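Asks: Shown below is the structure under consideration.
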Amino acid sequence: MAHPQGQRAAAEYLRQLLLKPGSYRDAWQQRVARPRDGVINQLAVAEVIADHLRSSPLHHGGARMLPYQLRDIVSEALSGRQLSVGALQLFGGAFGFKDHELDRLQQLRMGSRRIAVFAGREAVPAEGELTEILGPRKHQTVSLHDHVYVGADGRIDRARVLQVVEAIDQGVDRIPFLCDTNVLTIEVGKGGKELSGEVRQIRRDVFFTEILLSRTLDLGETLALEYWVSYRFPGQLTDKAEREFRRAVMRTVSNLDMRIQFDQDCVPAKIYWAQWDGIDGGVVEREAVTLDKELSAHRYLHSVEKTVVGFYWVWGE
């Protein structure tokens, strides 16, 4: 049975998928004379679903379905008042949602606390500096692996993160998670229990939540944690911010392993491993790298402290 709060969370994720630059948004926006930023035209969405029903032999009676007959279903789903399994299937089939997106929608609908949706307009502002938000340091990262995927449209799509944490205090049951506004969702896997449920905006472009661990760690104990992050970049591929993946290390991280993989339909002309002068500074060091046969680049660092490192790339003509 769907959870009321879960339906609202799933509806928020559904809205963000339809607003995310790419094929989903293009499908309904091309039916709107004057699209408005951040606003979903529900009749246009209904038209996409109606076209799908008319062309699908699996939906009996779909050939006679008109967009206005679907407006209530669309409205109820996007508002979170009534988001049924059938409605999710309609949206998924009409827009071609990926399997992991449909699975995430269903988990959210059922009230899963292992997934959080980052939506700026619903984040709760908070005062204070970063150190005041995080409080005293209670863990350190023993190893960190980022595996990043860049899609066929040239946008960073998602990342799988493997992190081994060590408690440097007694009773560590959570770790902080910080991200910028390009992050759409975080989903915890092995080693994670759930998310704290609260997303706070601690700076203009930085959000904060907490990953609750599957068990409480005593001093010196370690835990392997796995989680996935999805992104919603605007799609301005000439913007350098959309042609880089960086890891900002505010304290110290040991055994940093970063791998970035590109889709075969969108391969960069050049790619570099680089170090930046802080979050807002420019590149201070760089090294050209070569993609392997899997169209990926990889770099391992034994220790990183108070710096920003990662990959950036250049598209061809």
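The rows are residues; the columns are (1) out of contact with any helix residue (DSSP H, G or I) (no Cβ under 9 Å at 6 or more places or on another chain); (2) under 26 Å from Leu178 (Cα atoms); (3) among the charged types (D, E, K, R).
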site	(1), (2), (3)
Leu53	no, no, no
Pro67	no, no, no
Gln82	no, no, no
Gln89	no, no, no
Gly96	no, no, no
Asp103	yes, yes, yes
Arg109	no, yes, yes
Phe118	no, yes, no
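Asks: Out of (1) surrounded by 19 or more Cβ atoms within 10 Å (Cβ to Cβ); (2) among the hydrophobic types (A, V, I, L, M, F, W, C); (3) modelled with pLDDT of 90 or more, what's the single condition that is false for Leu43?
Replies: Evaluating Leu43 over (1) surrounded by 19 or more Cβ atoms within 10 Å (Cβ to Cβ); (2) among the hydrophobic types (A, V, I, L, M, F, W, C); (3) modelled with pLDDT of 90 or more leaves (1) as the failure.
Asks: I need the full set of residues from region 76-87 which are on the phi < 0 side of the Ramachandran plot and crowded, with 19+ Cβ neighbours inside 10 Å, in order please.
Replies: Answer for region 76-87, where residues must be on the phi < 0 side of the Ramachandran plot and crowded, with 19+ Cβ neighbours inside 10 Å: Ala77, Leu78, Leu83, Ala87.
Asks: In region 162-172, which residue that is farther than 10 Å from Lys138 by Cα and surrounded by fewer than 18 Cβ atoms within 10 Å (Cβ to Cβ) is farthest from the chain's Cα centre (by Cα)?
Replies: Once the filter is applied, the top-ranked residue is Val164.
Asks: Pick out the one residue from Gly310, Gly281, Gly316 that is exposed (fewer than 11 other Cβ atoms within 10 Å of the Cβ), of a type outside the set (A, V, I, L, M, F, W, C) and touching a residue at least 40 places away in the same chain (Cβ under 8 Å).
Replies: Gly316
Asks: Quickly run through region 202-244 and pick out the residues that are in a loop (DSSP other than H, G, I, E, B) and of a type in the set (Phe, Trp, Tyr).
Replies: Phe233
Asks: Additional query: Looking only at region 272-300, how many residues end up being of a type in the set (A, V, I, L, M, F, W, C) and under 15 Å from Ile260 (Cα atoms)?
Replies: Result for region 272-300: 7.
Asks: Here is a list of conditions, (1) under 15 Å from Gln89 (Cα atoms); (2) modelled with pLDDT of 90 or more; (3) in contact with a Ser or Thr (Cβ under 8 Å, 6 or more places away or on another chain), and Gly62 meets all of them except one; can you say which number that is?
Replies: Answer for Gly62: the failing condition is (2).
Asks: Of Val253, Val267, which residue is within 29 Å of Gly151 (Cβ to Cβ) and crowded, with 19+ Cβ neighbours inside 10 Å?
Replies: Just one listed residue meets the conditions, Val253.
Asks: Let me confirm something: among Arg251, Arg286, which residue is part of a strand (DSSP E or B) and more than 24 Å from Val165 (Cβ to Cβ)?
Replies: Sole residue among the options that is part of a strand (DSSP E or B) and more than 24 Å from Val165 (Cβ to Cβ): Arg286.
The values are calculated or read from the model by the stated rules, or taken from the named source; none is laboratory data. Quantities reported herein were computed from a predicted structural model and do not represent experimental measurements. Glycine also receives a Cβ, built like all others from the backbone with ideal geometry; neighbour counts cover every protein chain displayed.
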